[in-house]
1. Work out Dmax and Rg for the range 155-256 from the C-alpha atoms and quote the Rg first, both in angstrom.
2. Among the lysines, select those whose C-alpha is under 18 Å from the C-alpha of Lys317, and discard any that sit fewer than 8 residues away in the same chain.
3. State, to one decimal in nm, how far the label point of Leu244 lies from the label point of His214, with both points 7 Å from Cα in the Cβ direction.
4. Just the C-alpha atoms of the chain: what Rg/Rh do they give, with Rh taken as the Kirkwood radius?
5. How large is ³J(HN,Hα), in whole Hz, for each residue of the range 339-354 in order, when computed from phi with the Karplus curve 6.51 cos²θ - 1.76 cosθ + 1.60 and θ = phi - 60°, using x for Gly and Pro?
6. Cβ neighbours within 10 Å, averaged per peptide: list 281-287, 196-202 in order, most packed at the top.
7. Considering the range 18-60, what Rg and Dmax in Å follow from its alpha-carbon atoms?
8. Take every DSSP beta bridge with both residues inside the chain and express the antiparallel ones as a percent of the total, to the nearest 5.
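Bear in mind that the values in this text are calculations on the coordinates, not laboratory data. Remember, predicted model here, so these are calculated numbers, not experimental data. When we count neighbours, we look across all protein chains shown, and the Cβ atoms used for this are built from the backbone with ideal geometry, even at glycine.
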Amino acid sequence: MDLKSNEPFWLLKNGLTTSYPSLKSNENCDVLVIGGGITGSLIAHQMISEGYKTVLIDKREICNGSTSATTSMLQYEIDVPLFELTEMIGEKGAVASYKACSDAIDRLEKLSKLIKSDAGFKRKKSLYFAAKKKDVNWLQKEYKARKNAGFDVKWLEAAQITEQFEFENTYGGILSKQGASIDAFKFAHELLEHNGKKGLKVFDKTEMKKVEYHKGFNLVKVDSGFQIRAKKILYCIGYESKNLLKENFVDLKSTYAIVSEIDDDKFKNISSTLVWNTDDPYIYMRTTDDGRLLIGGGDEDFYAAEKRDALLNQKEKEILKNLKKIKPDYHFYTDFVWAGTFGETKDGLPYIGEHKKFKNSYFVLGFGGNGITFSVTGMEMAALFMKNKKHLLSEYFKFGR
Ligand SMILES: Cc1cc2nc3c(=O)[nH]c(=O)nc-3n(C[C@H](O)[C@H](O)[C@H](O)COP(=O)(O)OP(=O)(O)OC[C@H]3O[C@@H](n4cnc5c(N)ncnc54)[C@H](O)[C@@H]3O)c2cc1C
């Protein structure tokens, strides 16, 4: 599956930062991480920190899957509103899922300090506004649910949004204190480099083809014919897990993003705030640390990469039309436009856990708009799995739920 179109911004901005070898001999390790995107890099970091002999492989160049296409907004807010998630899975699980995403942002900040990251982690507020009058009622209900759960939120009337952000035609919204943005592509590379110095072995252009389960270990055969003997396998293979797992657990979507220079005089507070709205499909935006505005949206069902990429021009126009609704006089000069594939689950939650058909293995599949924060939660969950323990969220993120 081709996970993204050509020209994703982060890949162009950073280029091929590091070259990794492909596997050219047999390996023996405690943990094999399959997948070298942001998820695999975070999980490998966790494993190295816990003292496991760890190998990571990726069938592409490192971070050339969804991680190169992401808009990298770090939000505690899940695609499914808190009040709706509460109706679906109960208050305990819903609040714990939101809190886990909130904690993930704090954890990423600490981690980026620890590795002296240059990937532009920046704390931001998050504005979630009503795009239509009919959305105001449920958005206010959502505001109350978040406030009751202890999140630092304010309700802003339309006039206050205009005053604080110079956006027109909104109908009010929730301003949250918690949020951040980062360059996940660069951060993942930095994590691998940091852990490479601590013993992590990374091989790209190395595809897992077959796994044999033996008592106490797995034998993983890769495309070059070499094999890796690993006590545990941690699958961090993103949306391509849909090809490996036969059940219907995620709906694939195409999503689009554009980026351009930003005219600071025409925007207020944009570089300190993540912005998204209730439209269907919704738009979302953030600034980058090199002074650009990145806008995403245009989501629709994914059928094939060619079909997704053929819509690039049309989707660019659609996103810009949506931007015009709130910034009628602003002209956006598109620098790059790209498309990516992402996955939506029935409850907006990820799949992180064991799968009955894969022994001695654990999946960390951060799906939805919060893919990255879910992957951070996956770090502590995977660490507990290694010790045969369960996490509070295991019940809510498990397969077959
Ligand atoms: C346009 C767009 C915008 C997004 N915006 C946001 C956002 O603002 N915030 C957010 O949190 N998330 C966002 N997401 C989602 C986020 O990008 C993903 O959750 C995240 O990048 C997934 O990372 P990953 O490492 O799990 O997957 P990937 O980056 O896809 O990495 C998985 C890797 O596994 C490898 N692999 C697969 N099969 C095998 C195999 N058999 N052998 C070896 N290797 C294999 C692949 O080559 C790939 O590199 C967005 C996604 C898109 C496309």
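1. 22.5, 65
2. Lys307, Lys325, Lys327
3. Simple spin-label model gives 2.1 nm for this pair.
4. Working: Rg = 20.7 Å, Rh = 21.5 Å.
Answer for the chain: 0.96.
5. 10, x, 10, 9, x, 10, 10, 4, 10, x, 9, x, 10, 10, x, 7
6. On the way: 281-287: 21.7, 196-202: 16.3.
Packing proxy ranking, top to bottom: 281-287, 196-202.
7. 10.4, 27
8. Details: 50 of 72 bridges.
Rounded to the nearest five, the antiparallel share is 70 percent.
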